[in-house]
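S.K.: Attaching a single structure in structure tokens format; questions to follow.
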Amino acid sequence: MSQELWTAVDNYIVHKMLPADESLDQAVRASEEAGLPSIQVSPAQGKFLYMLAKVHRAKRILEIGTLGGYSTIWLARALPEDGRLITMEIDPKHAAVAQSNLDREGVSNKVELLVGNALDLLPKLEKRNESPFDLSFIDADKVSIPAYFESALRMSRSGSLILVDNVVRNGAVADAGSHDPSVQGVQKLNDMIAGDSRVTATVLQTVGVKGYDGLAIALVN
Ligand code: SAH
Ligand code: DHB
Ligand code: MG
């Protein structure tokens with residue numbers, strides 16, 4: 001089993017299941033041209049996020065970590081006409097590229113892009129006291145995952161979904177002695193939710209163009 005094989009199969013899946021999409025392709029191109037890191041969810045993962053939001057009939061979505069807005073577009077597409085998505089991005093350059101991608105996609109009316117450190121933005125958002133988020137997608141820095149998860153949980157309702165990207169990290173998550181702060185962030189999340197009566201959670205391991213990683217899925221009880 002190798003990266004080469006995972007990539008080949010991922011390309012096969014995308015070829016079969018995902019019709020050509022000029023808007024998403026353009027979003028990726030614009031992000032590349034602006035020099036953003038190419039760490040957005042893969043096309044097949046983006047479609048999976050879209051489908052989860054659809055199945056869940058999500059009307060309000062929270063995203064932490066926008067980058068160029070690739071996952072944002074997938075999630076925004078799943079929203080009904082009166083749906084809302086709030087996304088947070090610390091890097092103004094990433095945010096500018098994302099805003100232009102969201103404008104081009106025609107979803108800016110549904111999406112509010114907040115620029116700043118999510119650790120500062122989330123408490124402010126909690127104070128806004130908006131209706132709870134049906135779905136939260138946590139995909140920013142990995143060190144603060146536990147804090148993001150607690151905040152997302154406070155802004156959830158019974159039945160809300162909280163998704164956390166990159167929780168397997170090439171298998172490093174199973175290394176109890178890891179000194180990598182990002183791995184420790186993920187491990188803390190798992191410790192938190194393992195015996196937590198507030199959520200029902202599992203982790204899906206994934207392979208593909210982005211290597212070997214995983215997505216945590218928590219359903220709020
Ligand atoms: N969700 C995106 C990828 C996000 S990559 C997609 O799949 O298309 C992670 C992003 O989180 C980067 O753009 C990074 O700048 C941002 N980020 C990192 N730390 C952050 C923080 N503390 N607050 C908000 N955003 C942060
Ligand atoms: C990284 C971050 C991500 O959100 C991701 O999906 C892949 C890689 C990173 O920081 O390296
Ligand atoms: Mg990610």
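S.K.: Give me the one-decimal nm value for the distance between modelled label points at N109 and R157, 7 Å along each residue's Cα-to-Cβ direction.
M.R.: Taking the simple label geometry, N109 and R157 are separated by 2.4 nm.
S.K.: For R128 and D175, FRET efficiency with R0 = 35 Å and r from the beta-carbon atoms, rounded to 0.05?
M.R.: Details: r = 39 Å, r/R0 = 1.12.
For D175 and R128, the calculated efficiency is 0.35.
S.K.: By the scheme Lys and Arg +1, Asp and Glu -1, what is the net charge of all other residues having a beta-carbon under 11 Å from that of G69?
M.R.: On the way: positive: R104; negative: E63, E89, D103, E105.
Net charge in that neighbourhood comes out at -3.
S.K.: If you don't mind, there's one more thing I want to ask. Report D for the stretch 76-182 in µm² per second (integer): Stokes-Einstein, Kirkwood Rh on Cα pairs, 25 °C, 0.890 mPa s.
M.R.: The calculation lands on 159 µm²/s.
S.K.: Would you mind putting 162-171, 211-220, 178-187, 5-14 in packing order, based on average other-beta-carbon counts within 10 Å, highest first? Walk me through the intermediate numbers first.
M.R.: Numbers: 162-171: 21.1, 211-220: 19.6, 178-187: 16.9, 5-14: 14.5.
Packing order, densest peptide first, comes out as 162-171, 211-220, 178-187, 5-14.
S.K.: Which whole-number percent is the relative contact order of the chain (Cα, under 8 Å, 6+ apart)?
M.R.: Working: 391 pairs, mean separation 40.9, N = 221.
For the chain, the relative contact order is 19 percent.
S.K.: Moving on to the next point. Taking just the alpha carbons, could you work out the radius of gyration and Dmax for the chain, both in angstroms?
M.R.: When restricted to Cα atoms, the chain yields Rg and Dmax of 16.6, 48 Å.
S.K.: Something else: Using packing as a proxy for protection, rank 199-208, 44-53 so that the peptide with the highest average count of other Cβ atoms within 10 Å comes first.
M.R.: The packing order, highest mean first, is 44-53, 199-208.
S.K.: Turning to a different aspect of this structure: Tell me the mean residue ellipticity at 222 nm calculated for the chain from its helices only (DSSP H runs of n ≥ 4, each -39500 (n - 2.57), averaged over every residue, nearest 500). Walk me through the numbers before you get to the answer.
M.R.: Working: 8 runs with 97 residues, N = 221.
Value at 222 nm, helices only, nearest 500: -13500 deg cm²/dmol.
S.K.: Nearest 5 percent is fine: what portion of the DSSP beta bridges confined to the chain is antiparallel?
M.R.: Working: 15 of 33 bridges.
In the chain, DSSP labels about 45 percent of beta bridges as antiparallel.
S.K.: On average, how much accessible surface per residue is there in the chain, in Å², for a 1.4 Å probe, leaving out ligands, DNA and RNA?
M.R.: That works out to 48 Å² per residue.
S.K.: Continuing with this model, one more query. Can you pull the percent of the stretch 58-108's accessible area that's carbon plus sulfur, 1.4 Å probe, other chains left in place?
M.R.: Details: 910 of 1640 Å².
Looking at the stretch 58-108 in its full context, I get 55 percent from C and S.
S.K.: Compute the relative contact order of the stretch 1-113 as a whole-number percentage, counting only Cα pairs closer than 8 Å that sit 6 or more residues apart in sequence.
M.R.: Numbers: 139 pairs, mean separation 28.4, N = 113.
Relative contact order, the stretch 1-113: 25 percent.
The values are calculated or read from the model by the stated rules, or taken from the named source; none is laboratory data. These numbers were taken from a predicted model, which means no experiment stands behind them. Cβ atoms come from the backbone with ideal geometry, glycine included; neighbour counts cover every protein chain shown. In case anyone asks, the SASA skips ligands and DNA or RNA and just uses the protein heavy atoms, side chains included. Shrake-Rupley method; radii C 1.70, N 1.55, O 1.52, S 1.80 Å.
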